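**Q** Below is a structure I'd like to ask you about.
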Amino acid sequence: MKGELEVRVVVKRLPLSPTSVGALRHLERYDVIVFTSKYARAFFEQELQRRGISLPRDRVIQVGPRNDLLKKALKGKRILFPRSALAPPEIIRKLRAMRSIVHVIPLYTAEGKPLSSVEKKRLQQGSIEQLYFKSPSGISGFLSQFRGRERTAVLSIPARCIGETTASAARKSGFKKVFIR
């Protein structure tokens, strides 16, 4: 029976720099706190809780696709942007081009989770008809497990991706058929 393989990642919290800790202690300096992922929000809230700091909910913006931020009235605003250390920089450049002051706090990173022997066997037998990726780090971690002909073979499997950033990473990595969920 053919099916789909969801490629998973392992998310790891990063230690905060002294500058980032200072930003947490002075949230009043920011007009808005932006979250573009559930992990960023969860790790940020854990850090605040650990330090006994309250999240000013009236200044929080949570968006799905990062580019939705550009639809918000953020021109000239002071923005605190907790996020993945691996997140692409384009949205930061665009916000800064709008004369916003953006302070990025790298909170976590993600690594591709190694495939199980059963998953590898299913790939080798051709019983996977589609791969599902939720992040660019999932793509790089997945592909790091293959060389030569095996890599060529997995790149021919259609890649279904959670959003445009992940789809772009799949295309750049060599996947022939890439779809956005």
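The values are calculated or read from the model by the stated rules, or taken from the named source; none is laboratory data. Because the structure is predicted, anything quoted here is derived from the model rather than measured. Note that we place each Cβ from the backbone using ideal geometry, even for glycine, and neighbour counts take in every protein chain shown.
**Q** Would a scan of the range 77-100 turn up a residue that is charged (D, E, K, R) and outside the structural domain of VAL34 (by TED's automatic domain parsing)?
**A** No: the range 77-100 contains no residue that is charged (D, E, K, R) and outside the structural domain of VAL34 (by TED's automatic domain parsing).
**Q** For the range 124-139, which residues satisfy the criterion of being over 30 Å from ALA40 (Cα atoms) and at pLDDT 90 or above?
**A** SER127, ILE128, GLU129
Residue-wise test of (1) in contact (Cβ under 8 Å) with a residue 24 or more places away in the chain; (2) of a type outside the set (Gly, Ala, Ser); (3) closer than 20 Å to ALA167 by Cβ; (4) in contact with a Cys (Cβ under 8 Å, 6 or more places away or on another chain).
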residue	(1), (2), (3), (4)
HIS26	no, yes, no, no
PRO56	yes, yes, no, no
ASP68	no, yes, yes, no
LYS77	yes, yes, no, no
SER84	yes, no, yes, no
ILE105	yes, yes, no, no
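**Q** How many residues, within the range 145-176, are in contact with a helix residue (DSSP H, G or I) (Cβ under 7 Å, 6 or more places away or on another chain) and of a type outside the set (Gly, Ala, Ser)?
**A** The number of residues fulfilling the criteria is 8.
**Q** How many residues, within the range 158-176, are touching a residue at least 60 places away in the same chain (Cβ under 8 Å) and among the basic types (Lys, Arg)?
**A** 1
**Q** Could I ask something else about it? Condition (residue is of a type in the set (Phe, Trp, Tyr) and out of contact with any strand residue (DSSP E or B) (no Cβ under 7 Å at 6 or more places or on another chain)) applied to the range 118-135: is it met by at least one residue?
**A** No, the range 118-135 contains no residue that is of a type in the set (Phe, Trp, Tyr) and out of contact with any strand residue (DSSP E or B) (no Cβ under 7 Å at 6 or more places or on another chain).
**Q** Only one of (1) over 30 Å from PHE146 (Cα atoms); (2) surrounded by 13 or more Cβ atoms within 10 Å (Cβ to Cβ) is not met by LEU5, so which one is it?
**A** For LEU5, the failing item is (1).
**Q** Whether any residue in the range 100-123 is at pLDDT 90 or above, acidic (Asp, Glu) and touching a helix residue (DSSP H, G or I) at 6+ places or on another chain (Cβ under 9 Å) is what I want to check.
**A** No; the residues of the range 100-123 include none that is at pLDDT 90 or above, acidic (Asp, Glu) and touching a helix residue (DSSP H, G or I) at 6+ places or on another chain (Cβ under 9 Å).
**Q** Give just the number: which of (1) modelled with pLDDT of 95 or more; (2) outside the structural domain of GLU28 (by TED's automatic domain parsing); (3) out of contact with any Ser or Thr (no Cβ under 9 Å at 6 or more places or on another chain) does ALA159 not satisfy?
**A** (3)
**Q** Mind checking which strands (runs of 3 or more DSSP E) fall wholly inside the range 69-181 and carry at least 2 residues that are of a type in the set (Val, Ile, Thr) and crowded, with 17+ Cβ neighbours inside 10 Å?
**A** In the range 69-181, the matching strands (runs of 3 or more DSSP E) lie at 101-112.
**Q** Quick one: which residue in ARG181, ARG96 is modelled with pLDDT of 90 or more and either more than 21 Å from the chain's Cα centre (by Cα) or basic (Lys, Arg) (or both)?
**A** Every option except ARG96 fails the conditions.
**Q** Right, here's the next one. Please state which of the following conditions LYS121 fails to meet, knowing it meets all the rest: (1) over 21 Å from GLU6 (Cα atoms); (2) free of Cβ contacts under 8 Å to residues at least 12 places away in the same chain.
**A** (1) is the only condition that LYS121 fails.
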